[in-house]
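A.B. asks: Dropping a structure here in C-alpha cells format, bear with me for questions.
Bear in mind these aren't lab numbers, they're just calculated from the coordinates by the rules spelled out. On a predicted model such as this, the values are computed, not experimentally measured, just so you know. Glycine also receives a Cβ, built like all others from the backbone with ideal geometry; neighbour counts cover every protein chain displayed.
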Amino acid sequence: MKRSNSLLPLCAPIALVLAAACGGTSGGTYQQPPASGLQLTTHGNLGNILVDANGRTLYYFAKDLPAGGGKAATSNCTGSASDGTSCVHFWPIFHAANPTLGTGVNAADIGQITRADGLPQTTYKGFPLYYFLNDPNPGDVNGESIADWFVIRSPFYNVLTLDGGTVRLTDGAGRSLYYFTQDTVGTPPTSACAGTAGDPTTCVGNWPIFFAGANVIVPTGIDPARFSTFTRADNLQQTAFDGHPLYYFAGDVSPGDLMGLTFPPGLGFWFTVDPSQQ
C-alpha cells in the first residue's frame with residue numbers, strides 16, 4: 001500500500017517547528033498566558049476552533065488517550081516546561097480550575113485530570129488540552145502543521161486518529177474502528193456482517209456498525225472524500241472508508257482498547273484502519 005506523507009512528522013526547516021516535530025531544542029521558556037475561560041472562534045478553513053479566553057489556540061494530542069469507559073484521560077505528553085527538549089516544553093498544558101465558557105462551549109464537555117506529574121489539566125470531550133510554544137499570538141494555529149497535533153473543532157470530529165504506535169481511525173470519543181476482510185469493497189460496498197445489535201450470537205452483535213452521520217468531520221491530513229455512506233441489506237446506514245465498511249468491536253470498552261484484533265481467536269478477519277495507507 002502507498003503511504004501518505006500527510007500524517008508523517010513534518011520536519012520543516014524553520015528551527016522552532018523542526019525542534020517541536022523532531023525532538024530538537026530551542027531557546028526560551030514558554031509563559032502560559034493567564035486564561036480563565038474557553039471560547040470558540042472562527043479561523044479560516046478550520047471553522048470554529050476552541051481557544052482560551054485570550055484567543056490562544058488549544059490542541060489535542062493523538063498519542064493521548066481520552067477519558068471513556070470509566071477511565072480517566074491519559075496524557076502522554078510529558079516532561080518539564082523548563083526542559084527545552086521535552087514535550088511539555090513545546091506543548092504547555094492548559095488548565096483553568098473553573099473556566100468561564102463562551103457561547104457554544106458546553107459545561108458537560110469540560111473536565112479535569114491529574115497528570116502523572118501531579119499537575120492538573122483541563123480536558124475537552126475527554127481530551128487533555130495543550131497550547132503550542134510557537135503560537136505567540138491569538139489566532140495562531142502553527143501547531144496544526146505538526147504530526148499528531150490537532151486543533152479542537154466545533155462541531156467536534158466524529159472520526160479522528162489516535163496514535164498508540166500505529167495510527168488508527170477512531171470515532172470522536174476515541175473508540176477504535178475496524179474493517180472486515182470478508183466484506184465486498186466498492187462503491188457502494190457490501191457488508192458480510194449481518195445480525196442484530198446486542199445479540200452476541202450474530203456478527204453485528206459482536207461488531208456494531210459505525211455510522212458517522214451525514215457529514216464526516218475529520219482532522220487535517222485525512223481527506224473526507226475517502227468516506228462514504230451506504231445502505232446495508234438490513235436498511236441501516238453505515239459509514240465506509242475507502243470502500244471498507246466500518247465497525248466497532250463490542251468488547252472494546254475504553255479508548256485505546258483493541259480487543260477486536262484477536263477476536264475471533266486465530267481467524268484474523270478484523271483489522272484497524274491506518275488512514276496513511278491506501
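A.B. asks: Hey, rough spin-label estimate for L261 and Q182, points 7 angstrom out along Cα→Cβ, what's it come to in nanometres?
C.D. replies: Using points 7 Å along Cα→Cβ, the separation is 2.2 nm.
A.B. asks: Another one. Determine ³J(HN,Hα), in whole Hz, for all residues of the range 193-206 in sequence, where each value follows from phi through the Karplus function 6.51 cos²θ - 1.76 cosθ + 1.60 and θ = phi - 60°; x replaces Gly and Pro.
C.D. replies: With the stated coefficients, the range 193-206 comes to 9, 10, x, 10, 4, x, 9, x, 8, 10, 4, 5, x, 9 Hz.
A.B. asks: Would you kindly give the portion of the calculated P(r) for the range 79-175 that falls above 16 Å, as a percent of all Cα pairs? Let's see the in-between values first.
C.D. replies: On the way: 2980 of 4656 pairs.
Of the Cα pairs, 64 percent sit more than 16 Å apart.
A.B. asks: Residue by residue through the range 239-246, what is 3J(HN,Hα) from phi via Karplus (6.51 cos²θ - 1.76 cosθ + 1.60, θ = phi - 60°)? Round to whole Hz and write x for glycine and proline.
C.D. replies: Values, residue by residue: 8, 10, 10, 6, x, 9, x, 10 Hz.
A.B. asks: While we're here: Using just the C-alpha positions of the range 157-278 as equal point scatterers, what log10 of I(q)/I(0) does the Debye formula give at each q in 0.19 1/Å?
C.D. replies: -1.04
A.B. asks: What does the charge count near K63 come to, summing +1 for each Lys or Arg and -1 for each Asp or Glu among other residues with Cβ under 11 Å from its Cβ?
C.D. replies: Numbers: positive: none; negative: D64, D148, D163.
Net charge around K63: -3.
A.B. asks: Next question, about the same structure. Would you please give the FRET efficiency between Q237 and N76, computed as 1/(1 + (r/R0)^6) with r the Cβ-Cβ distance and R0 = 41 Å, to the nearest 0.05?
C.D. replies: On the way: r = 34 Å, r/R0 = 0.84.
The value I calculate is 0.75.
A.B. asks: Just one of (1) 15.4; (2) 18.2; (3) 19.9 is mean projected area of the Cα convex hull in nm² calculated from these coordinates, so which is it?
C.D. replies: Checked against the structure: label (1).
A.B. asks: Show the residues, 5+ positions off or on another chain, whose built amide H is closer than 5 Å to the amide H of G37.
C.D. replies: A53, T100
A.B. asks: Ranked highest first by average number of other Cβ atoms within 10 Å, how do 202-208, 106-112 line up? Walk me through the numbers on the way to the answer.
C.D. replies: Working: 202-208: 18.0, 106-112: 13.1.
Highest to lowest by the protection proxy: 202-208, 106-112.
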